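S.K.: Let me begin by handing over the structure; questions about it come next.
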Amino acid sequence: GGSLILLPVDDIYNTRTLIEALLRRTGWFEETPPPDWLSTIEIPREASLRKVLITKRQYLSDIESEIKQLDGELTKLQEYKGLLYETGITLQEIVKSTLEQLGAEIMPSVVTDEFMINIGGKKALIEVKGVKKSITKRHVSQLNTDLDRHRTATGEAIHGILIGTTWRLFPLEQRDTHDKPAFSQDVVNFARDNNIGLVSGTELFKAFCRTLEEPEYKKVVLDRIITGTDVIVF
């Protein structure tokens, strides 16, 4: 796809001038490397331009560092959206981080692979579930069993809280409705009878978002979590 250039040759033993003509035509020239002593020669304005470049490069470095920090903060903040759709260990870690951000002390459980919280000296065993439909009695029965095991192991009767991200693959406006309740009526009745609080993932997410704008609201959220039975709303 390039140009084909035919040059007449007067002397087949000396084609240097023809090669130079070809190089001029293509714009490519062989340059001589600068000698070492050239660094001692300075053109007017060279020093001032160099100083400006140093300042600008430092400014650019600072901006890039700030962007990296802000990007990390944004990524970390967006992880809390996982309260709305995650499941398993990932959801458990996000819930744990959320409660910690709200001001709860996180403690390991002695009877389960989940965790406990301590709020003002009051403890609660946390059960986290992410499901595609409603929380069922089977889910909350497991928490009640773990509360009994904790009482047997420690001699301590504590509160139980089930945090459930329900209908997790549906848009928020289609959840917590008559057709798609977060907790079945059997679950609500069982929780009420056994001193267990029920918190939906969407409810916890909304409360967490509000505390970002109203930090003083954290106390309200924690008080309701640690004392509430039945379905807890904020």
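S.K.: Helix 137-154 versus the longest principal axis of the chain: what angle, 0 to 90°, nearest 10, using Cα atoms?
M.R.: 80
S.K.: Whenever you get a sec, compute what percent of the accessible area on the range 127-222 sits on carbon and sulfur atoms (1.4 Å probe).
M.R.: Working: 2380 of 4900 Å².
It is 49 percent, rounded to a whole number.
S.K.: Shifting gears a bit: For the range 73-134, what number results from the quotient of the Cα radius of gyration and 2.2 N^0.38 Å?
M.R.: Numbers: Rg = 12.4 Å, N = 62, 2.2 N^0.38 = 10.6 Å.
Taking N as the residue count of the range 73-134, the ratio is 1.17.
S.K.: Pick out, from T112, Q142, V221, the residue whose Cα sits farthest towards the positive end of the charge dipole of the chain, with +1 on the Cβ of Lys and Arg and -1 on the Cβ of Asp and Glu.
M.R.: Q142
S.K.: Measuring from label point to label point, each 7 Å out along Cα→Cβ, what is the T145 to E73 span in nm?
M.R.: Once both label points are built, they end up 4.5 nm from each other.
S.K.: Can you match Rg/Rh (Cα atoms, Kirkwood Rh) to one of these, [x] 1.08; [y] 1.48; [z] 0.96, based on a calculation from the structure here?
M.R.: Comparing each candidate, only [y] matches the computed number.
S.K.: Work through the residues other than R50 whose Cβ is under 13 Å from its Cβ and net out their charges, Lys, Arg +1 and Asp, Glu -1. Mind showing how you got there, number by number?
M.R.: Details: positive: R45, K51, K56, R57; negative: E42, E46.
Within the 13 Å Cβ shell, the charges total +2.
S.K.: On to the next question. How far is helix 201-213 tilted off the main Cα axis of the chain, in degrees rounded to 10, range 0 to 90?
M.R.: 60
S.K.: Sum up the charges of everything whose Cβ sits under 13 Å from the Cβ of I106, counting Lys and Arg as +1 and Asp and Glu as -1, but leave I106 out. Each step should come with its number before you reach the end.
M.R.: Details: positive: K96, K123; negative: E93, E100, E105, E114.
Residues near I106 contribute -2 overall.
S.K.: Around T136, under 14 Å between beta carbons, what's the net of Lys plus Arg minus Asp minus Glu among the other residues?
M.R.: Working: positive: K129, K132, K133, K137, R138, K180; negative: E127, D186.
Summing Lys and Arg as +1 and Asp and Glu as -1 gives +4.
S.K.: Can you tell me the dipole magnitude for the range 102-162 around its Cα centre, using point charges on the Cβ only (Lys, Arg +1; Asp, Glu -1), in Debye to the nearest 20? Present the calculation step by step, with values, prior to reporting the outcome.
M.R.: Working: 9 positive and 7 negative charges, 74 e Å.
Dipole magnitude for the range 102-162 comes out near 360 debye.
S.K.: Can you give me the accessible area per residue for the chain, using a 1.4 Å probe, in Å²? If you can, show how the numbers build up before the last one.
M.R.: Details: 15540 Å² over 234 residues.
That works out to 66 Å² for each residue.
S.K.: Assign unit charges at the C-beta atoms only (+1 for Lys and Arg, -1 for Asp and Glu), then state the dipole size of the chain relative to its Cα centre in Debye, rounded to the nearest 20. Let's see the in-between values first.
M.R.: Working: 30 positive and 35 negative charges, 144 e Å.
Charge dipole, the chain, about its Cα centre: 700 debye, nearest 20.
S.K.: Nearest-5 percent of antiparallel DSSP beta bridges in the chain? If you can, show how the numbers build up before the last one.
M.R.: On the way: 9 of 24 bridges.
About 40 percent, rounded to the nearest 5.
S.K.: Using bins 10 angstrom wide from zero, how does P(r) for the range 177-234 break down, in % of all Cα pairs?
M.R.: The calculated distribution, bin by bin, is 23, 47, 25, 4.
S.K.: Mean residue ellipticity at 222 nm from the helices of the chain, using -39,500 (n - 2.57) per DSSP H segment of n ≥ 4 over the full residue count, to the nearest 500 deg cm²/dmol?
M.R.: On the way: 7 runs with 109 residues, N = 234.
Using -39500 (n - 2.57) per qualifying helix, the result is -15500 deg cm²/dmol.
S.K.: Taking every eigenvalue of the Cα gyration tensor of the range 88-189, multiplying by 5 and rooting it, what semi-axes result, largest first, whole Å? Let's see the in-between values first.
M.R.: Values: eigenvalues 125, 54, 25 Å².
Equivalent ellipsoid semi-axes, largest first: 25, 17, 11 Å.
S.K.: What accessible area, in Å² to the nearest ten, does a 1.4 Å probe give for V110?
M.R.: 100
S.K.: Let me ask something else. Report, in debye and to the nearest 20, how large the dipole of the range 126-234 comes out about its Cα centre when Lys and Arg carry +1 and Asp and Glu carry -1 on their Cβ.
M.R.: Working: 16 positive and 15 negative charges, 70 e Å.
Dipole magnitude for the range 126-234 comes out near 340 debye.
S.K.: What residue among K96, K129, K56 has the largest mean-square fluctuation in a Gaussian network model of the chain, using Cα springs under 10 Å?
M.R.: Looking only at K96, K129, K56, the largest GNM fluctuation is found for K56.
S.K.: With the chain treated as a Gaussian network of Cα nodes joined by springs under 10 Å, which of G197, G72, G160 yields the largest mean-square fluctuation?
M.R.: Maximum among the listed residues: G72.
S.K.: Considering only protein heavy atoms, with the full assembly of protein chains and a 1.4 angstrom probe, order Y85, Y59, Y13, Y217 by accessible area, largest first. Could the numbers behind the result be given before it?
M.R.: Working: Y85 110, Y59 145, Y13 200, Y217 20 Å².
Solvent-accessible surface, decreasing: Y13, Y59, Y85, Y217.
S.K.: Then there is this: Taking the simple approach of a point 7 Å from Cα along Cα-to-Cβ for both T17 and E31, what is their distance in nm?
M.R.: Roughly 2.8 nm, to one decimal.
The values are calculated or read from the model by the stated rules, or taken from the named source; none is laboratory data. Note that the structure is predicted; figures quoted are calculated from it, not measured. For neighbour counting, all protein chains shown are included, and Cβ atoms are generated from backbone atoms with ideal geometry for every residue, glycine included. Just so you know, the surface numbers come from the protein's heavy atoms only, side chains and all, with ligands and any DNA or RNA stripped out. Shrake-Rupley method; radii C 1.70, N 1.55, O 1.52, S 1.80 Å.
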